[in-house]
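The values are calculated or read from the model by the stated rules, or taken from the named source; none is laboratory data. Since this is a predicted model, take the numbers as computed values, not measurements. Positions of Cβ are backbone-derived with ideal geometry, glycine not excepted, and every protein chain shown enters the neighbour counts. Heads up: the accessible areas ignore ligands, DNA and RNA and are worked out on the full protein's heavy atoms, side chains in. Shrake-Rupley method; radii C 1.70, N 1.55, O 1.52, S 1.80 Å.
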Amino acid sequence: MASPFQRKTRPLLALLFAFLTACAAAAPASAQEKKVAQKNGVDISKMGAYRALAQHMYADFQKGDLAAAAELGTILERLWDKAEEYGGDTALAKTNRQLFDEIDKAMDQFITPITESKGKPPDPARVKAAFNVYMEKLRLAD
């Protein structure tokens, strides 16, 4: 026969075990789903503004507006260099030089075919591939 203490403790232990099991099952899912807050469609993260500019640039390229896409490419590159290469102590070039170089190279591969197109559209497949690589590299720095 179980004592009154054991009768009260077993349900509590079972409840605690169920709770811990549920938390353990949810932890990997929540770690994978990194939700980033947005304001007016722009991620409020370290790389959100660069991502938004690149997305607008790519959309203009897809619409065939090379002049607008090239303009945004120039703006993107100037902002990136000013903030992340020559910025203060929080600039990515100072905090993680290797990642800065990876993103900078990916950005150049994305924007150069557009900014130097001289009115002749670059290969859409090449631009799309470079855009996707650039987006992926930006995610690494968020």
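Of the accessible area of region 52-115, with the probe set at 1.4 angstrom, what percent is carbon plus sulfur?
Numbers: 1660 of 3420 Å².
Of the solvent-accessible surface of region 52-115, carbon and sulfur hold 49 percent.
Computed with a 1.4 Å probe on the full set of protein chains, the accessible area for residue 120 sits at about 150 Å². For region 105-142, the residues whose amide N sits under 19 Å from a probe point set 7 Å from the Cα of residue 46 along the beta carbon direction are 105-108, 134-142. Whole-Hz Karplus values for region 63-71 come out as 7, x, 8, 5, 4, 5, 4, 5, 4 Hz, taken residue by residue from phi with 6.51 cos²θ - 1.76 cosθ + 1.60 and θ = phi - 60°; glycine and proline positions read x.
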